[in-house]
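A short reminder: the numbers here are calculations on the coordinates, not readings from a lab. As the structure is a computational prediction, the values presented were derived from the model and not from experiment. Using ideal geometry, Cβ is built from the backbone for each residue, glycine included, and neighbour counts are taken over all protein chains shown.
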Amino acid sequence: DAKTTQPNSMESNEEEPVHLPCNHSTISGTDYIHWYRQLPSQGPEYVIHGLTSNVNNRMASLAIAEDRKSSTLILHRATLRDAAVYYCILRDLISRAGGTSYGKLTFGQGTILTVHP
Amino acid sequence: DSGVTQTPKHLITATGQRVTLRCSPRSGDLSVYWYQQSLDQGLQFLIQYYNGEERAKGNILERFSAQQFPDLHSELNLSSLELGDSALYFCASSVDGFTGELFFGEGSRLTVL
């Protein structure tokens, strides 16, 4: 899996937007950008993923640069519950007999997000 | 609650011993993944099973083994335990092992003394 680079830590205030950057300059055409987060004392949880277009769901938005060498996870209004480690992960799409599948999910060091009341 | 159940939640044992960690995937999920999380190594992928068969292998030591049973639950066996095996072990499941998101359990914390 291609490598991603994220800041070690970021801070935000409650109810303010948070933009978590991720650089992936060696991304290939079949790599999907996935974001997971890990709340304290819990297992990781899926946040969002995308390929080329910006994506929105109930948890967050994903903005993908036109050249796909970087992306930004946007939390529109941070809450204290959003304090977690956020992982940006590239998963390639592999052709296999009968269809396609994602490559394994390889976690990096992630960004520790601290949210202040 | 992700729907993935892991037991035991905590386990303390001695070096040289053997332990078994158990995982019940979400209802309907066919694929199970095992990850190890330690302070110095972060989250490391160990192994993936799909419908009872091994699908992908990561940084799993030879002292470790896993299997997925016909009822789709999975067990991770760790033997000849060393101090460095102390870690959180996470199980995750997904619908088909090919697409979509992984759902993680709350982990089993293993302490080797």
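Observations on the structure shown:
- Residue with peak Gaussian network fluctuation, chain A [Cα springs, cutoff 10 Å], from A:H24, A:H76, A:H49: A:H76
- Kirkwood analysis of the Cα pair distances in chain A returns a hydrodynamic radius of 14.5 Å.
- Set of lysines near A:K104 by C-alpha distance (under 24 Å), chain-local residues within fewer than 8 positions excluded: A:K3, A:K69, B:K57
- Neighbourhood net charge (14 Å Cβ-Cβ; Lys/Arg +1, Asp/Glu -1) for A:A78: -2
- Relative counts (whole %) of C-alpha pair distances in chain B, using bins that are 5 Å wide: 2, 13, 25, 27, 18, 10, 4, 1
- As a ratio to 2.2 N^0.38 Å, the alpha-carbon radius of gyration computed for the protein assembly as shown takes the value 1.03.
- Relative contact order (%) - chain A, alpha-carbon pairs under 8 angstrom, separation at least six: 36
- Environment charge at B:G16 (Cβ cut-off 14 Å; Lys +1, Arg +1, Asp -1, Glu -1): 0
- Counting only residues at least eight positions apart within a chain, or on another chain, there are no lysines with an alpha carbon under 23 Å from that of B:K9.
- Residues of the range A:1-38 with amide N under 11 Å of a point placed 7 Å along Cα→Cβ from A:E45: A:37-38
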